[in-house]
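Here is the structure we will look at, set down as structure tokens.
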Amino acid sequence: ARTWPDADRPRRAAVSSFGISGTNAHTVLEQAPQEPEQDQEQGPAEERRALPAVPLVLSGRGSDAVRDQAARLLAHWEAAPELALLDVAHAAATGRAALDNRAVVVAADRETALTGLAAAVRDGAPGHTSGRVAFLFSGQGSQRTGMGRELYETFPVYAEAFDAACAHLDTRLDRPVREVVFGEDAELLNRTEYTQAALFAVEVA
């Protein structure tokens, strides 16, 4: 171990590894570029979208590993109450590998998240079962006016997928699907041609 002072150029280090089996590796590591600090010339930081709830994703190799991850996250967050729910959820979803056993805590605020993590510590994750993924779409009868509107207004990815589905369906219908789904005319939505199209668009999104 040694100090690695800043210089007028990116810092670099060479690593050579010689394996007993004859496998050799030679790597040069370079310091990552520094991200520019936010200033007034760059404009304001991107505004955070208010979300009604976010998922805290936990995963591990076995239920005990999931419990352990939940316990460590719970202890860390209790020791650092200033951490924002959205930041913790983002780090949990993008900063770790997605392993076989999983648990998800859905929370609207920090207190709900801590309660859910405590439950995950107690309960762990269900046993992993291998198999293929299937998607089940609900059929006619589950439609309602305004369905998916809050998702559309809150999640840009959902809105994009919904609009893409509607663009294809609208070529076959007399009224735009989005107009029917987000409208107040339940009788129109209950007509089979609109019901089926609306459920398909919502469930795909």
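Any read-out appearing in this document is the output of simple, stated calculations on the displayed coordinates, not a laboratory observation. Note that the structure is predicted; figures quoted are calculated from it, not measured. All Cβ positions, even for glycine, are placed from backbone atoms using ideal geometry, and neighbour counts span all protein chains on display.
Counting only helical runs of four or more DSSP H residues, what would the 222 nm mean residue ellipticity of the chain come to if each run contributes -39,500 (n - 2.57) and the total is spread over all its residues? The helix contribution divided over the chain gives -12000 deg cm²/dmol. The three principal axes of the C-alpha atoms in segment 87-204 carry coordinate ranges of 52, 34, 25 Å, sorted with the longest axis first. For the chain, modelled as a GNM whose springs connect Cα atoms under 10 angstrom apart, the maximal fluctuation among Gly116, Gly139, Gly22 occurs at Gly22. If you average the sequence gap of Cα pairs under 8 Å that are 6 or more apart and divide by the length of segment 74-205, what percent do you get for the contact order? Result for segment 74-205 is 22 percent. About its Cα centre, the dipole of the chain is roughly 1080 debye, where the only charges are +1 on Lys and Arg Cβ and -1 on Asp and Glu Cβ. If R0 equals 25 Å, the separation of the Cβ atoms of Glu35 and Ala79 corresponds to a calculated FRET efficiency of about 0.40. Once each of the GluC sites (Glu not before Pro) sitting in a DSSP loop with at most 16 other beta-carbon atoms within 10 Å is removed, the chain keeps 83-183 as its longest stretch. Taking a point 7 Å from the Cα of Val133 along the Cα-to-Cβ direction, the residues of segment 64-105 with backbone N closer than 17 Å to it are 93-94, 97-104. Which of these values of percent of Cα pairs over 31 Å apart was calculated from the structure shown: (1) 19; (2) 52; (3) 11? Only one listed value fits the structure, namely (2).
Of the complete DSSP H runs in the chain, those spanning 15 angstrom or more by Cα along the long axis with a mean Kyte-Doolittle score not below -0.5 are 63-79, 110-123, 156-169, 192-204.
Of the residues Thr145, Thr27, the one with the fewest other Cβ atoms within 10 Å heads the list, and the complete ranking is Thr27, Thr145.
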